[in-house]
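To start, the structure itself, in structure tokens.
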Amino acid sequence: MLDVIVIGGSYAGMAAALQLARARRKVLVIDAGQRRNRFARHSHGFLGQDGVDPARIWAEARSQLEAYPTIRWVEGSASGLTGQRDDFRVVLDSGEAFSGRRILLATGVADQLPDIAGINERWGQSVFHCPYCHGYELDQGRIGVIATGPMSMHQAQLLPEWGEVTFLTNTALTLDPDQRDDLHARGVTIEETPVARITGEADVELHDGRVLSFDGLFTATRTIPASPLAEAAGCALIGTPIGSQIMTSEAKETSIPGIFACGDVARAPHSVSLAVGDGAWAGAQLHRSLVWPEG
């Protein structure tokens with residue numbers, strides 16, 4: 001019987017596992033190998049790791065974590081989660097099963113991109129969602145914001161801090177006069193012709209044949225939990241302005257006693273720094289739930 005089974009071996013899951021390992025608890029980390037930022041060349045805004053390849057950050061963190069004797073790492077996807085507090089069972093796609101007293105869901109989220117030809121291939125390379133992560137490197141250049149809904153207005157208002165912005169509404173929303181005035185006051189160009197496809201590095205071909213060239217593109221994705229495990233286990237989900245996530249208490253426990261959640265799947269907004277902090281807090285709270293089970 002393990003103390004904690006961590007489902008998700010990215011930044012939040014590892015940060016939680018580290019706290020538990022340092023408390024000498026028996027922890028299993030199940031990793032499906034699908035880090036959300038696996039498409040990005042560099043990670044930015046993460047103190048001490050600014051500009052580093054995220055794959056390198058992850059590999060070094062895993063190596064440090066596995067140096068603790070009470071940590072076990074398994075590569076695979078969890079397909080089943082049953083049981084109750086102090087007696088959970090997790091089954092992998094391979095059929096292998098594990099038992100644990102607590103569960104931590106750190107499975108991350110999946111980004112739902114707009115249905116535009118060429119955008120998926122450029123995700124994390126020249127198409128982004130977070131200006132704090134990628135805006136500086138555009139060097140005050142030309143930025144296109146492709147609308148997906150109301151949250152895109154927020155992006156268009158914020159991104160002039162990082163460059164010269166064109167807001168491509170792409171039939172995703174209709175701007176009212178006050179919104180237009182606000183964007184014009186910020187120096188934002190409004191383009192209402194629908195987007196046909198993305199080409200080149202960050203070129204936007206419009207339906208009327210015009211091509212607008214940018215140094216980078218931003219779009220507000222919708223996010224959903226990357227794994228169906230939480231919902232299948234009965235954990236409550238909540239809506240956010242950018243999608244859905246697992247509902248948790250301040251101690252990171254879900255609506256199911258003994259199942260905790262952290263990282264992008266359990267908080268918004270999202271970044272590596274925030275995921276690590278959330279994971280560290282979740283790990284400490286998990287440990288406390290083992291020390292004071294009635295607390």
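Panel order for 229, 65, 168, 290, by other beta carbons found within 10 Å of each beta carbon, from fewest to most: 290, 65, 229, 168.
Region 244-295 and region 97-167 have their alpha-carbon centroids 24 Å apart. Just to check, using Stokes-Einstein with a Kirkwood Rh over alpha carbon pairs, what's the diffusion coefficient of the chain at 10 °C and 1.306 mPa s in µm²/s? Answer, rounded: 78 µm²/s. Computed per residue of the chain from DSSP H runs no shorter than four, each worth -39500 (n - 2.57), the mean residue ellipticity at 222 nm is -7000 deg cm²/dmol. Please work out the FRET efficiency for the pair residue 193 and residue 55, using the Cβ-Cβ distance as r and a Förster radius of 51 Å; give the result to the nearest 0.05. My answer for the efficiency is 0.85. Seen from every direction in turn and averaged, the convex hull around the alpha carbons of region 165-275 projects onto 10.0 nm².
The residue list 149, 179, 190 was ranked by how far each Cα lies along the charge dipole of region 114-219 toward its positive end, using unit charges on Cβ atoms, and 149 comes out on top.
Each of 159, 212, 47 was scored by other Cβ atoms within 10 Å of its Cβ. Arranged with the fewest first, they read 47, 212, 159. Only beta bridges with both residues in the chain are counted; by DSSP, about 45 percent of them are antiparallel. Across region 63-128, Cα-Cα pairs more than 13 Å apart make up 76 percent of the total. Working ranking of peptides 130-141, 278-289, 170-181, 242-253 by packing, defined as the average number of other Cβ atoms within 10 Å per residue, highest first, is 278-289, 242-253, 130-141, 170-181. At full extension, residue 1 and residue 96 could sit 32.8 nm farther apart than now, given 0.36 nm per residue minus the alpha carbon distance.
Principal-axis analysis of the Cα atoms of the chain puts helix 11-22 at an angle of about 30° to the longest axis.
Values in this text are rule-based calculations from the coordinates and carry no lab data. Since we're looking at a predicted model, the values are computed, not measured. When we count neighbours, we look across all protein chains shown, and the Cβ atoms used for this are built from the backbone with ideal geometry, even at glycine.
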